[in-house]
C-alpha cells in the first residue's frame, strides 16, 4: 500500500516466524537493480526512477525490496567511506519506507551474476584469513548498520550474497569453526551498531548440498539463512523447468535449512524457459516453499534490464528474468506472484508447518583429516532430495532432523541411502528404536554404512559385482528395480531380523528387526540415491515403500491425493488447518483428495481438477472441511 509514510516497527522473530507489531508477518519481495543502470546505480543515481519503481512494487502488493550494497562503491579507498553513496543509501531506504516497503540490504557485495565487482584495493587478499581485510569487513558492516539503525523499515541485513564465490577455493577450505567465527564477528558488529537488527547470509544450494562449511547447521550466530536455487543449476537430474522435480527443489532446500535456522528464500525464479512456463514454475514453487516453512521470498528480479554493461554483456540471459519487461509491461510471472502475495498476507497469514510424525535423519560427516582411499566415493546430496520427493508423493508430513535431533518426537525416522554411519549415530538410532521408534534405513556403502547386528539384526556375508542378482525386489505389491553404481554390492544374511523381501540370489533385500520397543527396517540398497537420473522417478511407484512402512509405524497422512504428483501439506494456525494442494506435474491432473482422522478413518473425499502447477487451498476447522479455494477449471 503506497502512502506518505509507513507505520510499524522493526520485524522480530518468535518461534521461528516473523512478526511485526505483534502480528504474523510474511516477507514477499523482489530483488532490485534499476533497469537502465543495473549494478551501476549507486554511481549513476536516479532517485526519481527508484521512487517510481518502489511505488509500482507497492501497488503490486510487494512488501520488501532486496538490494545490493556494492562494497567498492561505498569504500572506494581502504578505510575511506564515500559520503555520497551513504547519503543515497539512506535516501533509498526512506523512499522504500514512504511506499510501505521493508528493505533487505545485501552487504559486502562483490559477487554478482557470476562476476566480481571487486574492491580496487583488495589486491587478492583473502576475505577470511587476512586480518586487515577481516577488520575492514567488520568496520564496513558496522558503518552501514549505524547509518540505518534509526530506519524502522530495515527487515534484515544480508552479510553478503554468495560471497563464498569471491574466492571459492579459499571458502571451501574453511572449517566449521572458522565459518562460525566469521559469521559471528560480522553479526556482532551489526548488532553493536543496530541492536534491533536481524542478520542472515545468503547462499546458493551448495549451502545445503555440500562442498563448504557455510551451512545452516553452523549458523547459530545468524537469525536466518538465505537460500535460493534455480532448477537449471542443480546436481540433480531435473528434466525441465516444468518437471515435478523442478518445483520441489526450492522447498527441499527450505526444509533442509529449517532444521537448523529459519529460511528466507532470497532469490526465487527460473531461467531457460518461456513466460508461461516461468509463471507456472513460480506459482507452484512459491506456494510449496511457503508450505515448507519459508519465512519470506524475494523473486529474482524486478524488471528486465536495458543496460548492457557488466555483468550483462558476458551473461545476457540475466537481462530477461524480470517480473516486468524492459518497457514496464507486466509478464505472466507477476500475476502469479501477486496471487501468491494475496494469499500469504491474507487467508494464509499466521499458518505455519505442524510438528511432523516423520523425521529424515541425514548423517553428517564429522570434520576429520583427509581419509584418502577410505573416503566413500560419490555424493551424499541426491539421497536426501529423493527422500523428500518420495515423502511428498506419499503425502507424509515430515521434517529434517537437526544435528542433535530429538528423534523421539517422530513416530518414524528415515535414514536414506547412508554412505557413512558413525558409531555415535548408530547408538543414537538404537536409543530411538529401543524407546519405541520405527526406523527405515537404506544403505549406500559396503564398509561405512552397511550391516550392524545389534541395531539392524543383519550381518554382511560378502560383496558382489553381479548386479543382475540384485537388480530388483518386490514388496507390498510393488516391484522395485535397482541400478547400482560401480562399487561393491553388499550381500547380507539375517542375524535376528526377519526377511520381508529377497533378491534373485535369495539374499535379503529388506528386513525388519525388533529392538526394544521399536523396529528397524533395513533396505540393502541405496534406493533414494539411485533415483538420480532423468525420468527415473517415473519408472515405478517408489513411494509405496515409504507408505507401507509408515502404515506399519501407525503414521497416517491427514490429507492425501490419489495422484502422487500432487503435494498435500497441512499447515496450522491454532486449531485451524489449511491443506496446501499443489500439482507439481507439467500436465493437468484429475485426482481425489481424502482427509483422514487420527484414527485412520476417511472423513471426506473431494474430486479435484488441477491445471499444470496449479494450487488450491483447503481450509477446515473442527470436523467440517471447506471447499478448495483457487483456480477453477
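Read the figures in this text as sums done on the coordinates, not as results from a lab. Not measured: the values here are computed from a predicted model. When we count neighbours, we look across all protein chains shown, and the Cβ atoms used for this are built from the backbone with ideal geometry, even at glycine.
Using only the alpha carbon atoms of the range 12-353, find the Kirkwood hydrodynamic radius as the inverse mean reciprocal pair distance, in angstroms to one decimal.
Values: mean 1/r = 0.0500 Å⁻¹.
By the Kirkwood definition, the hydrodynamic radius is 20.0 Å.
Normalise the Cα radius of gyration of the range 165-266 by 2.2 N^0.38 Å (N = residues in it) and let me know the number. Please report the intermediate quantities before stating the final value.
Working: Rg = 14.7 Å, N = 102, 2.2 N^0.38 = 12.8 Å.
Normalised by 2.2 N^0.38 Å, the Cα Rg of the range 165-266 equals 1.15.
In deg cm²/dmol, rounded to 500, what helix-only [θ] at 222 nm does the chain give when every DSSP H run of at least 4 residues adds -39500 (n - 2.57) and the total is split over its residues?
-8000 deg cm²/dmol
What is the distance in Å between the Cα centroid of the range 501-561 and that of the range 85-117?
48 Å
Can you give the extra length, in nm with one decimal, that the chain gains between residue 169 and residue 349 once fully stretched, where that is 0.36 nm per residue apart less the Cα-Cα distance?
Answer, rounded to one decimal: 60.6 nm.
Just to be sure I understand: of the beta bridges DSSP finds with both ends in the chain, what percent are antiparallel, rounded to 5?
60 percent
For each of 103, 301, count neighbouring Cβ atoms within 10 Å of the residue's Cβ, then give the residues from fewest to most.
Ordered from fewest to most neighbouring Cβ atoms within 10 Å, 103, 301 come out as 301, 103.
For residue 306 and residue 482, what does the FRET efficiency come to when R0 = 60 Å and r is the distance between their Cβ atoms, rounded to the nearest 0.05?
Result of the calculation: an efficiency of 0.70.
As a test of understanding, state the convex hull volume per residue of the range 24-85 from its alpha carbons, in Å³.
106 Å³
Can you work out D for the range 559-630 in µm² s⁻¹ from Stokes-Einstein, where Rh is the Kirkwood radius over C-alpha pairs, the temperature is 20 °C and the viscosity is 1.002 mPa s?
Values: Rh = 12.3 Å.
D = 174 µm²/s.
Against the empirical 2.2 N^0.38 Å scaling, what ratio does the C-alpha Rg of the range 34-120 come to? Before the final figure, lay out each step's value.
Details: Rg = 13.3 Å, N = 87, 2.2 N^0.38 = 12.0 Å.
Normalised Cα radius of gyration, the range 34-120: 1.10.
Please list 213-226, 15-28 highest first by mean number of surrounding beta-carbon atoms within 10 Å per residue.
Per-residue mean Cβ counts within 10 Å order the peptides as 213-226, 15-28.
State the three equivalent ellipsoid semi-axes of the range 466-527, derived from the C-alpha gyration tensor as the square roots of 5 times its eigenvalues, in descending order and whole Å. Let's see the in-between values first.
Details: eigenvalues 90, 33, 21 Å².
Values for the range 466-527, descending: 21, 13, 10 Å.
Which whole-number percentage describes the relative contact order of the chain, with Cα contacts under 8 Å and a sequence gap of 6 or more?
So the answer I get is 11 percent.
Treating the angle as unsigned and between 0 and 90°, give the value, to the nearest 10°, between the Cα long axis of helix 47-59 and the longest Cα principal axis of the chain.
For 47-59 against the chain, the angle is about 40 degrees.
If you wrap the range 526-577's Cα atoms in a convex hull and average its projection over all directions, what's the area in nm²?
5.2 nm²
When the Cα centres of the range 278-356 and the range 414-445 are compared, how far apart do they sit, in Å?
The two parts, judged by their Cα centres, are 39 Å apart.
Report the far tail of the P(r) of the range 1-145, meaning the percent of Cα-Cα pairs longer than 25 Å.
36 percent
For 65, 163, 232, what's the fewest-to-most ordering of other Cβ within 10 Å of each Cβ?
Starting with the residue having the fewest Cβ neighbours, the order is 232, 163, 65.
Regarding the chain, what are the three Cα extents along the principal axes, ordered largest first, in Å?
Result for the chain: principal-axis Cα extents of 76, 58, 42 Å.
Once the Cα atoms of helix 381-393 and of the chain are each reduced to a long axis, what angle between those two axes, in degrees from 0 to 90 to the nearest 10, is obtained?
80 degrees
Using Cβ counts within 10 Å as a stand-in for footprinting exposure, how do 121, 128 rank, fewest first?
In order of increasing Cβ crowding within 10 Å: 121, 128.
If you take all C-alpha pairs in the range 309-363, what percent of them are over 19 Å apart?
Here the long-distance tail beyond 19 Å is 61 percent of all Cα pairs in the range 309-363.
Rounded to two decimals, what is the ratio between the C-alpha radius of gyration of the range 68-173 and 2.2 N^0.38 Å? List each step's numbers first, then the result.
Values: Rg = 14.2 Å, N = 106, 2.2 N^0.38 = 12.9 Å.
Ratio of Cα Rg to 2.2 N^0.38 Å: 1.09.
To one decimal place, what Kirkwood hydrodynamic radius in Å is obtained for the range 434-499 from all pairs of distinct Cα atoms? Spell out each step's value before the answer.
Working: mean 1/r = 0.0750 Å⁻¹.
It works out to 13.3 Å.
Report, in whole Å, the centroid distance computed from the Cα atoms of the range 167-220 and the range 462-491.
41 Å
How much length is gained if the chain between residue 91 and residue 51 is pulled fully straight, taking 0.36 nm per residue apart and subtracting their Cα-Cα distance, in nm to one decimal?
On the way: separation 40, 0.36 × 40 = 14.40 nm, distance 0.98 nm.
Full extension of this stretch gives 13.4 nm more.
If you average the sequence gap of Cα pairs under 8 Å that are 6 or more apart and divide by the length of the range 559-630, what percent do you get for the contact order?
Over the range 559-630, the number comes to 30 percent.
I'd like the orientation of helix 244-258 relative to the chain: the angle between its Cα long axis and the longest Cα principal axis, in ° from 0 to 90, rounded to 10.
Helix 244-258 and the main axis of the chain meet at about 80 degrees.
Evaluate the Kirkwood expression for the hydrodynamic radius of the range 114-170, namely the inverse of the mean inverse distance over all pairs of different C-alpha atoms, and round to one decimal in Å.
13.1 Å
Kindly give the semi-axes, whole Å and largest first, of the ellipsoid equivalent to the range 358-552, taking each as the square root of 5 times a Cα gyration tensor eigenvalue.
21, 20, 18
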